[in-house]
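Participant: Got a structure for you, questions after.
The values are calculated or read from the model by the stated rules, or taken from the named source; none is laboratory data. Please read all numbers here as calculations on a predicted model, not as lab measurements. Positions of Cβ are generated from backbone atoms using ideal geometry, with glycine treated the same way; all protein chains shown enter the neighbour counts. These area figures cover heavy atoms from the full protein model, side chains too; ligands, DNA and RNA do not enter into them. Shrake-Rupley method; radii C 1.70, N 1.55, O 1.52, S 1.80 Å.
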Amino acid sequence: GGYLGVDIFFVISGFLITSFIFNRLKIKKFNLKEFLIRRSKRLLPTFFVVLFFCLIFSFFIFLPLELIKFSKSLISATFLSSNFFFWLSSGYWDESNSNPLLHTWSLSLEWQFYFIFSILSVFIWNLARKKISILVYLIFFIIFLVSIVLAITFLDRSMSFFLLPFRIYEFLIGSFVYFIIDKKNLIIEKNKNLLS
């Protein structure tokens, strides 16, 4: 549907976040608060500048009803929940010409992944360190199958487009690649580029 770039971005993001978290966990230097602050410092300043300029331009461009709708999307984007706003208010194509913040749904989704995955990673690491890759593979396949079944059975296609439960498997593909590359046996070590 023309959104392969977003899908690839989620996979790459999943790989990078997994490698950061687990490489820090291995050396006992992962701190959840520090991780979230680092992500915030990297992404939020530019994000808020974009929100500010969109607000200024929208004030001059939009008619009153459009400005009200834009303001609602601005509030949801500010709290990194715009994927919920766009899911509940309308579909992706309904908004494409009238909302300059439509693209923020993917950043909201990514932040939700950062938060949930980092907490889950620490929990799994403390619970079953030796079996961590098996648990991530298992979680990936369960979520992937459930998301396919739900996407097929639900009539609301925008739900499977905008919400994390239907997209988390893309992030976990990146995690999957990290664990393949991280393994130290010779077969994987020799073929890690092909496998990734």
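Participant: At 1.4 Å probe size, what's the solvent-accessible area of Thr104? Round to the nearest 10 Å².
Facilitator: Number for this one is 0 Å².
Participant: Can you give the calculated 222 nm mean residue ellipticity of the chain, where each DSSP H run of n ≥ 4 adds -39,500 (n - 2.57) and the sum is split over every residue, rounded to the nearest 500 deg cm²/dmol?
Facilitator: On the way: 10 runs with 157 residues, N = 196.
Counting only the DSSP helices, I get -26500 deg cm²/dmol.
Participant: Hey, got the dipole for the chain? About the Cα centre, +1 on K and R Cβ, -1 on D and E Cβ, debye to the nearest 20?
Facilitator: Details: 20 positive and 10 negative charges, 258 e Å.
Around 1240 debye, computed over the chain.
Participant: Determine the sum of side-chain charges near Ile124: Lys and Arg each +1, Asp and Glu each -1, restricted to other residues whose C-beta is under 12 angstrom from that of Ile124. Please report the intermediate quantities before stating the final value.
Facilitator: On the way: positive: Arg129, Lys130, Lys131; negative: none.
Net charge around Ile124: +3.
Participant: Under the rule a/c < 1.5 gives rounded, and otherwise a/b versus b/c splits prolate from oblate, where does segment 6-161 land using the Cα gyration tensor? Present the calculation step by step, with values, prior to reporting the outcome.
Facilitator: Details: a/c = 3.32, a/b = 1.58, b/c = 2.10.
Oblate.
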